[in-house]
Amino acid sequence: MPTADLKTILQRLEDHAHATRSSKINDLFASDPSRFDKFSRSADDLLYDFSKNKLTAETLELLFELARAANVEAKRDAMFAGKHINTTEDRAVLHTALRNQSEAPVMVDGHDVMPDVNEVLVNMGDFAEGIRSAEISGSAGKKFTDVVNIGIGGSDLGPAMTTLALAPYHDGPNLHYVSNIDSAHIADTLAALNPETTLFIIASKTFTTIETMTNAATARRWIAKHCGEDAVGDHFAAVSTALDKVEAFGIPQDRVFGFWDWVGGRYSIWSAIGLPLMIAIGPDAFSDFLAGGHAMDNHFCTAPIEENIPFLMGLIGVWHRNMMGYDTRAVLPYDQRLARFPAYLQQLDMESNGKQVTKDGAAVETQTGPVVWGEPGTNGQHAFYQLIHQGTSVIPCEFLVAANNHEEDLQNHHNLLLANCLAQSEALLRGRSLQEVEDKLRADGKSEEDIAKLAPQKVFPGNRPSTTLIYDRLDPFTLGRLIASYEHRVFVEGAIWNINSYDQWGVELGKELATQLLPMVEGSQSAKNKDSSTQGLLKYLIKARSL
Ligand code: F6P
């Protein structure tokens, strides 16, 4: 249950939201020429502009009070101190230790984990360099040209997203990611590869996930078929916390990279799960990536709430979700290399904060995590932005863009990208009134009859909220900072909602039912206890299958 303080502040926020609901963001700009300065913050080269939202200085004050009433700072300190804040699994939450580049120890249950973390990093570095230099080669002595990561969820999205994001730094072998149990995924990937020059990394925290184990077995058969059973050890490596299970699969110990139960799957890119990224960009660039995450940890831990970017992101998220009633959040990177970032954030945010009970098991009294979705700009502009601008739902948009691109000879592209990014948040803010539309149509020489017909269709309501995050250039350090800032935002929101952001029981039921359904799909067990829809679908499928 919320404490009295928390209840009072939530009520005050609700009253304040009610009073401001009909205000116009445009008017807030008109009445305060320094609004941008007051409602934007920077940390090194990162700029967070939240001025285009329906909030005032009073809103911010109330949100800061909310953070204090919810003890978010104390909860943050408990996380960094290795307390078991993942209460349902009785675990610490310490992905921050994986990027801790200070000399400070990080204690978990009385044990400093930093020597273990650093040892794995050194082993990963040796292996990655070995693959990159061809010192470690395939069974036929050929250099590995392709590395296939087999994993799903956090064991896929992090390395896949970051490999694409850091393409300009990719000077190692080609990287491929197979996650889906759909045979199409592994079949299409293997079709283009030469077994003699392909290395597989089996990435699974638990080493039990059915998708990963099934794809790993298929890859193992492929290597055994083309290179011989004895070649398996040379063509596989693994990343897991379940070292006994990896051994049983037949992967030599010196190719197994461990991590720990205090690293959640969706927070594991910083661990050995980042091995494919390290192979792609090299250990030094990977270290820069960790340094970026660490820099954001320092900012999150030391900057006052009022200046703290992840705090502000989280508090504005709570404002949107609970006080403004927005159901979704669009993440719109104007950065093609962040194409997988919205998908990555979907797991990070929705698996963490898609919860309906508090840490104490009571039903939550407010809405929790929103639906997170998005696509890179400018592509989205030609697809779903219509609804964002003129649809009936208000969707807060988060724009991300680099001040500088990597392609020095293509500045015209980047200028256009920047102009489009700024244009979208401006359009959402200002809209276009009926009067403006009519004046424009009149100036274009349209008849009064056409104007009456067309004008309502061309009105933009405006007054739609957005934030913009600008970074200098998408390099490893910056990417590390970006990801860590979103992780901490998820933390802040979860701490205010008093939910456990670090478990994921909501994925279990589907997994159990799939296991139950498999013999029914195979036709070896009757489905008579299933609902009539499931029975009907099964019957149809069994008949339709040509096996
Ligand atoms: O089913 C959800 C989940 O447990 C995620 O939390 C996790 O990232 C993913 O599956 C993969 O799990 P593992 O790394 O154990 O294979």
Just to be sure I understand the model, the point goes 7 Å from the Cα along the line to the Cβ. What's the resulting THR302 to ALA363 distance in nm?
4.6 nm
What's the extension gain from GLN11 to ALA140 if we count 0.36 nm per residue and subtract their Cα-Cα distance?
39.5 nm
Taking one equal scatterer on every alpha-carbon of the stretch 96-281, how large is log10 of I(q)/I(0) by Debye at q = 0.09, 0.11, 0.12, 0.13 1/Å?
-0.29, -0.44, -0.53, -0.62
Cβ neighbours within 10 Å, averaged per peptide: list 185-196, 440-451, 116-127, 201-212 in order, most packed at the top.
201-212, 116-127, 185-196, 440-451
Probe 1.4 Å - accessible area at ILE388, Å² to nearest ten:
0 Å²
The local net charge around THR515, scoring Lys/Arg +1 and Asp/Glu -1 for residues other than THR515 whose Cβ lies under 15 Å from its Cβ, equals -2
Tell me, what is the 1.4 Å probe accessible area of SER42, in Å² to the nearest 10?
80 Å²
With only helices counted (DSSP H, runs n ≥ 4, each -39500 (n - 2.57)), the per-residue ellipticity at 222 nm for the chain, to the nearest 500, works out to -14000 deg cm²/dmol
Listed by chain and number, the residues whose amide H is under 5 Å from that of ASP503, excluding neighbours fewer than 5 places away on the same chain and using placed H, are none
What are the ³J(HN,Hα) values, in whole Hz, obtained from phi via the Karplus relation 6.51 cos²θ - 1.76 cosθ + 1.60 with θ = phi - 60°, for each residue of the stretch 247-259 in sequence order, with x given for Gly and Pro?
4, 4, 6, x, 9, x, 4, 6, 10, 10, 10, x, 9
Whole-Hz Karplus couplings 3J(HN,Hα) for the stretch 44-57, θ = phi - 60° and coefficients 6.51, -1.76, 1.60, Gly and Pro as x, run 6, 8, 9, 10, 10, 9, 10, 5, 8, 10, 7, 8, 10, 4
Of the residues VAL507, ILE496, LEU474, the Cα lying farthest along the dipole of the stretch 464-547 towards its positive end, which is defined by charges on the beta carbon of Lys, Arg, Asp and Glu, belongs to VAL507
Is there a quick way to get the dipole size of the stretch 114-162? I mean about its Cα centre, with the Cβ of Lys and Arg at +1 and of Asp and Glu at -1; what is the value in debye to the nearest 20?
260 debye
Solvent accessible area, Å² - TYR344, 1.4 Å probe, full protein context:
10 Å²
How charged is the neighbourhood of LEU338? Take every other residue with its Cβ under 14 Å from the Cβ of LEU338, and add Lys/Arg as +1 and Asp/Glu as -1.
0
Distance in nm between label sites at ALA339 and ASP531, each 7 Å beyond Cα in the beta-carbon direction?
3.7 nm
Ignoring ligands, DNA and RNA, please state the percent of accessible area on the chain from carbon and sulfur, probe 1.4 Å.
52 percent
Ordered by residue, what ³J(HN,Hα) values in Hz, to whole numbers, does the stretch 312-321 give under the Karplus form 6.51 cos²θ - 1.76 cosθ + 1.60, where θ = phi - 60° and Gly and Pro are x?
5, 4, x, 5, 5, x, 5, 4, 5, 6
Suppose R0 equals 51 Å. What FRET efficiency, 1/(1 + (r/R0)^6) with r the Cβ-Cβ distance, do ASP230 and ASP112 give to the nearest 0.05?
0.80
So between LEU541 and ARG221, what do we pick up on full extension, going 0.36 nm a residue minus the alpha carbon distance?
112.4 nm
Compare the Cα positions of LEU13, VAL256, ASN194 along the charge dipole of the chain (+1 at Cβ of Lys, Arg; -1 at Cβ of Asp, Glu; about the Cα centre) and return the one farthest towards the positive end.
LEU13
How are the C-alpha pair distances of the chain spread across 10 Å bins, as whole percents from the shortest bin up?
3, 16, 25, 24, 18, 10, 3, 1, 0
Put a dot 7 Å past each Cα toward the Cβ at ASP244 and ALA419; how far apart are the dots in nm?
6.4 nm
Please give the per residue accessible area of the chain, computed with a probe of 1.4 Å over protein heavy atoms only, in Å².
45 Å²
Working out 0.36 nm times the residue gap between HIS84 and SER183, then minus their Cα-Cα distance, what length gain in nm do you get to one decimal?
31.7 nm
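Would you kindly give the portion of the calculated P(r) for the stretch 63-131 that falls above 17 Å, as a percent of all Cα pairs?
55 percent
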Radius 9 Å from Cβ of THR197, net charge of other residues (Lys, Arg +1; Asp, Glu -1)
0
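The values are calculated or read from the model by the stated rules, or taken from the named source; none is laboratory data. A quick note: this is a predicted structure, and the numbers were derived from the prediction, not measured. In this analysis, Cβ positions are derived from the backbone assuming ideal geometry, glycine residues included, and neighbour counts consider all displayed protein chains. Ligands, DNA and RNA are stripped out before the accessible areas are found, and what is left, the full protein with its side chains, is counted by its heavy atoms. Shrake-Rupley method; radii C 1.70, N 1.55, O 1.52, S 1.80 Å.
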